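The structure appears right after this line, and notes come after that.
The values are calculated or read from the model by the stated rules, or taken from the named source; none is laboratory data. None of these values were measured; they are calculated from a predicted model. Cβ: placed from backbone, ideal geometry, glycine included. Neighbour counts: every protein chain shown.
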């Protein structure tokens, strides 16, 4: 990979300052996506701003569940608070990548990267989370704006993700057989504001599955999804799965997510 | 080039690195610890797995410079006083390796698995937890047996 | 001997300590002083002319030591890559081998083709400079699918205007046609044997070093057969005569065939060292390069027809196969879809008439060559799929249909060259039926159905031929080399033993199994035996390890050398103990004089041999060192029955291997633990082929779509179950140890077992491999539509 200048700021302010100073700078959290991308020559930032020294990790549970951006997938998966408040989220984190990736990858890094097959964006949208940044709070529905793109401004950095507590939530993933990213992942949640269902892996980015939400609105049970046929229009098609197959899997995974919901 | 220092297999080491120097390059090329291998360039095969501050990570997907001050254990650091770690022993006893190339990562990942999940591991758990380690030789059958036996002896 | 380390003992591997403690010594672990790094400029196009290569900008990049192109190679008269097996078409014409330059000359023929090499102070600098080499390509039409290759407008080599390398046949066409005319039933099937990428976990690597003083080359390389590499690089590329080239293959991290071949990159490292002032040149493939440029496996399209009589006996078998060769003929590529393939089309069955025709075709893809099983998995796939299909069409139990047609008398001459020497196929079938609990299958199928899932059972009764031999026979069939093996037994004065072998272990555990043989024969502690291999300076010559030949051929050579050692040691013992050599007995490491209490331990005789005090050295030469070359009289024929039981998730199409049983007959086994490990690994690669792995080139762009682990799925631990193994034993009569080969059997037997199970579950004739969830789901959709 091409070389770069390495920065390791000790505070969010310094990080933002460093990022703003260099137009081609990139933040690095766990590096689980950024480093492979750079190794393949798909990204060649002039400067890497490593957020590792911020020590911005940890979970707090109150009327909502707040996970700091630098919390690793392994920490989320193991957190007693997460398991208690939103077991589906702990389960989701426990199945991202593999154990080694989970030791490094962070929730903040994952959502800021917004890989169209990543798991966390599904949880954020499915639960109606709020993304905290150094500058503001952004609703998840507004945060994920498309393939690898988010509402983050230049230099803006995710500091935490705040999840409202659902009555029940579940996540089911059908992994891509090769990469093990989600080929389809469906997050369902029965929330105070109604049923939410989000899908990852199906297109250019996470989206809410309105058909699924509507059906589950009639009763948060997998039987409610019988006969629900998700349209394959706008759903991605590749070597591993046609749009039709992915669309089919959305319903199947939605059912399994509902059955697994706690 | 910036200098970094680490504690690798209990020994203080230091060296100059570029920003882009990967942990695995530092370990293999600067420290000459060639037991840690590189089997792919997309962070999937797990041949490069080492323990960093006690946790399994892929050394091919970590910048050396970001781990200044870290404690690292590679496969060379597992045996104590000339005696192999129980997990190493179990891999030998159960024929859990053939060509040996994935083995260092496989053994480290297995130790990490036991560290996280305890000694009593089901076959399903072991197979699931080996998600990040690819072996082309053994068909995993004997690796699973080795991890089970090694876990019990840890 | 009965010391727990002899033949048949589950001895823990001697090599494991170094691998487990990180002390293996793989090529990339080696670094030489003043080493430079090579990076290859590769073709981004499937087929293109090279109009111009501009290296001027790259040459100015930091750290660049040298940049070389095909013209530079040609200027030194370095010969191109060769294919070492001449195949003649049915019309008698020789195969049409196009030129395969070490670095491209004027044209590239697949994505990843080697165009130029940049040598620099570091890997990163070489890579950066390679990106700055400006190649002006003129894109040509391409063809990547073997089914489309014949006569395609993309003409890949001038010598083969229709892209056909050869049109080869075997068997008696007239007799087969006659059998089909008498048939009560004819079963037809069209099959694709999917292209695979070998993916040994250690990527290929090389370090070439030219000693300017001694004018001598050394090449460290990830090779399964370093002597063959030296021979080819010397005799065909003309780099240096053999005594001026040392090839070392240290620890090698898996091969599966892909490290048999002589590739451009390794040759370039040695060649280029001379032109960078004798500095060593190192190259280690990135995994992406392994995908692009290692020889791939399989890639057949086959139509087969099987004729049966009214009683359900197979009376004729016809096969036509299109076999992809890729863009160039790799080292042994031509023998794979011919003599390693069609000679096995009789399977385990008594088939009186067989005829097969093979069209080998160029495609704009990576070359195809031997990959675990090499031809035999392809043959077994055709035989076992059509046999299963025939049984279904005849409404016969597939196990009993097989049994009815099994060969039961040995030796058995098939209509396709092979003469099977020993076997008991029914015994393996009986054992497999029991282990797999086939009786309980209907209940399990019912339970699956109750969950909305589909359960299927599939059989595969495979046979393979390994230890390719004898040399004269393979020579008459076109092989460029002999296929014997050599061994040298060096007994040291203290009685420890070094075995120098031409076999090469890259995971097979030779350091243990070969030592077991020595321990068994000489009564020497296994820890006092060292196995030396993989270095042309140490081992005089050898043919290497592939085709499951190291036991049957390599160990037999050792055994013959041990015979000589024993004979000489007896003469020495007789002289020392003042008796007749005929009265000397050797057992458990001790020489005794019949009818007396005189005895000498093996180590004492060894010492006597070297001090030479107590025998007439005019009659007996001092020392104890013997060598042998073994050229087998026949192939060996491992065979077995595999039974796969799979369950398909009715909602997602995910296929789970619920039970897998393999019963194999490998003859006598040296180390059951290692043999079982070979079977496990082979089965997993076969399950990989059937359900998981598939190499895909994009038809439109000619690009390799499955170019990394992100898109090429490797079997992982959770993708496969634990296996149930059983063994039967009919010792092989053609070698003194009674051994067959076990390295490939798993990969040969398993794909048809799995696919027969998948098609059984779905009640369809064929599902293409790999039967990924997507593929199976599509089948489920067809079934659903058909039912509506």
(message) Of the residues C:658, C:628, only one is within 14 Å of chain B (Cβ to nearest Cβ) and either at pLDDT below 95 or in a strand (DSSP E or B) (or both); which?
(response) C:658
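Taking strands (runs of 3 or more DSSP E) that fall entirely within the range C:424-540, which contain at least 3 residues that are crowded, with 19+ Cβ neighbours inside 10 Å? Please lay out each step first, then the result.
Numbers: elements: C:454-463, C:485-491, C:497-501, C:529-532.
By residue number, C:454-463, C:485-491, C:497-501.
For the range C:662-671, how many residues meet the condition of being within 13 Å of chain B (Cβ to nearest Cβ) and touching a strand residue (DSSP E or B) at 6+ places or on another chain (Cβ under 8 Å)?
1
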(request) Could you grab me the full set of residues in the range B:40-77 that are facing chain C (nearest Cβ under 7 Å) and outside any helix (DSSP H, G or I)? (result) B:40, B:41, B:42, B:44, B:45, B:47, B:74
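The rows are residues; the columns are (1) buried (at least 20 other Cβ atoms within 10 Å of the Cβ); (2) touching a strand residue (DSSP E or B) at 6+ places or on another chain (Cβ under 8 Å); (3) more than 14 Å from chain A (Cβ to nearest Cβ).
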{"position": "B:79", "(1), (2), (3)": "no, no, yes"}
{"position": "B:86", "(1), (2), (3)": "no, no, yes"}
{"position": "B:107", "(1), (2), (3)": "yes, no, no"}
{"position": "B:137", "(1), (2), (3)": "yes, no, yes"}
{"position": "B:140", "(1), (2), (3)": "yes, no, yes"}
(message) For the condition farther than 30 Å from residue C:362 by Cβ and more than 14 Å from every other protein chain (Cβ to nearest Cβ), what is the one hit in C:65, C:11?
(response) C:65
(request) Check off (1) outside any strand (DSSP E or B); (2) surrounded by fewer than 24 Cβ atoms within 10 Å (Cβ to Cβ) for residue C:255 and give me the number that stays unchecked. (result) (2)
(message) Give me the strands (runs of 3 or more DSSP E) completely within the range A:18-121, filtered to those with at least 3 residues that are modelled with pLDDT of 95 or more and in contact with a strand residue (DSSP E or B) (Cβ under 6 Å, 6 or more places away or on another chain), ordered by residue number.
(response) A:25-28, A:47-50, A:64-68
(request) Look at residue C:324 and say whether it is modelled with pLDDT of 95 or more and assigned by TED's automatic domain parsing to the domain that holds residue C:389. (result) yes
(request) Looking at (1) away from chain A (no Cβ under 14 Å); (2) assigned to a loop (DSSP other than H, G, I, E, B); (3) surrounded by fewer than 23 Cβ atoms within 10 Å (Cβ to Cβ), find the lone condition where residue B:101 falls short. (result) (3)
(message) Could you go through the range A:230-241 and let me know if any residue there is within 24 Å of the chain's Cα centre (by Cα), assigned to a helix (DSSP H, G or I) and closer than 27 Å to residue A:146 by Cβ.
(response) no
(message) Looking only at the range C:27-62, filter to residues that are more than 14 Å from chain B (Cβ to nearest Cβ), closer than 18 Å to residue C:111 by Cα and touching a helix residue (DSSP H, G or I) at 6+ places or on another chain (Cβ under 7 Å); which one of those is surrounded by the fewest Cβ atoms within 10 Å (Cβ to Cβ)?
(response) C:42
(request) Kindly check whether there is at least one residue in the range C:267-276 that is away from every other protein chain (no Cβ under 14 Å), touching a residue at least 60 places away in the same chain (Cβ under 8 Å) and within 22 Å of the chain's Cα centre (by Cα). (result) yes
(message) crowded, with 24+ Cβ neighbours inside 10 Å and out of contact with any helix residue (DSSP H, G or I) (no Cβ under 8 Å at 6 or more places or on another chain): which single residue out of C:640, C:682, C:667, C:677 fits that description?
(response) C:667
(message) Of the residues C:67, C:82, C:119, only one is at pLDDT 95 or above, more than 25 Å from residue C:302 (Cβ to Cβ) and assigned to a loop (DSSP other than H, G, I, E, B); which?
(response) C:82
(request) Kindly provide the set of residues from the range C:178-199 that are outside any strand (DSSP E or B) and in contact (Cβ under 8 Å) with a residue 60 or more places away in the chain, ordered by number. (result) C:178, C:179, C:180, C:182, C:183, C:184, C:194, C:195, C:197, C:198, C:199
(message) Against the conditions (1) within 14 Å of chain B (Cβ to nearest Cβ); (2) out of contact with any strand residue (DSSP E or B) (no Cβ under 9 Å at 6 or more places or on another chain); (3) not in a helix (DSSP H, G or I), where does residue C:674 fall short? Just the number, please.
(response) (3)
(request) Kindly check whether there is at least one residue in the range C:294-302 that is out of contact with any strand residue (DSSP E or B) (no Cβ under 9 Å at 6 or more places or on another chain) and surrounded by 24 or more Cβ atoms within 10 Å (Cβ to Cβ). (result) yes
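What residue, of C:682, C:623, C:650, is assigned to a loop (DSSP other than H, G, I, E, B), within 13 Å of another protein chain (Cβ to nearest Cβ) and farther than 19 Å from residue C:730 by Cα? I'd like the intermediate steps shown before the answer.
Numbers: C:682 fails: assigned to a loop (DSSP other than H, G, I, E, B); C:623 fails: within 13 Å of another protein chain (Cβ to nearest Cβ).
None of the others qualify; the one that does is C:650.
In the range A:18-29, is there at least one residue being within 18 Å of the chain's Cα centre (by Cα), farther than 23 Å from residue B:44 by Cα, in contact (Cβ under 8 Å) with a residue 24 or more places away in the chain and buried (at least 23 other Cβ atoms within 10 Å of the Cβ)? Break it down stepwise before answering.
At the first step, the residues of the range A:18-29 found to be within 18 Å of the chain's Cα centre (by Cα) are A:27-29.
Restricting the remaining residues to those that are farther than 23 Å from residue B:44 by Cα gives none.
So far as the range A:18-29 goes, no, none of its residues is within 18 Å of the chain's Cα centre (by Cα), farther than 23 Å from residue B:44 by Cα, in contact (Cβ under 8 Å) with a residue 24 or more places away in the chain and buried (at least 23 other Cβ atoms within 10 Å of the Cβ).
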(request) Taking the options A:254, A:178, name whichever one is within 30 Å of residue C:714 (Cα to Cα), within 12 Å of chain C (Cβ to nearest Cβ), touching a residue at least 60 places away in the same chain (Cβ under 8 Å) and touching a helix residue (DSSP H, G or I) at 6+ places or on another chain (Cβ under 7 Å). (result) A:254
(request) List every residue pair whose Cβ atoms lie under 7 Å apart, where the two residues are 6 or more positions apart in sequence or sit on different chains, the first residue falls within the range C:716-727 and is within 8 Å of another protein chain (Cβ to nearest Cβ), and the second residue, located anywhere, is surrounded by fewer than 19 Cβ atoms within 10 Å (Cβ to Cβ). (result) C:718/B:128; C:722/B:123
(request) Taking residue C:768 as meeting all but one of (1) over 30 Å from residue C:630 (Cβ atoms); (2) in a helix (DSSP H, G or I), write down the number of the exception. (result) (2)
(message) Condition check: within 12 Å of chain C (Cβ to nearest Cβ) and either under 11 Å from the mean Cα position of the chain (by Cα) or surrounded by fewer than 20 Cβ atoms within 10 Å (Cβ to Cβ) (or both). Does residue B:35 satisfy that?
(response) yes
(message) Would you confirm whether or not the range A:143-151 contains a residue that is within 14 Å of another protein chain (Cβ to nearest Cβ) and surrounded by 17 or more Cβ atoms within 10 Å (Cβ to Cβ)?
(response) no
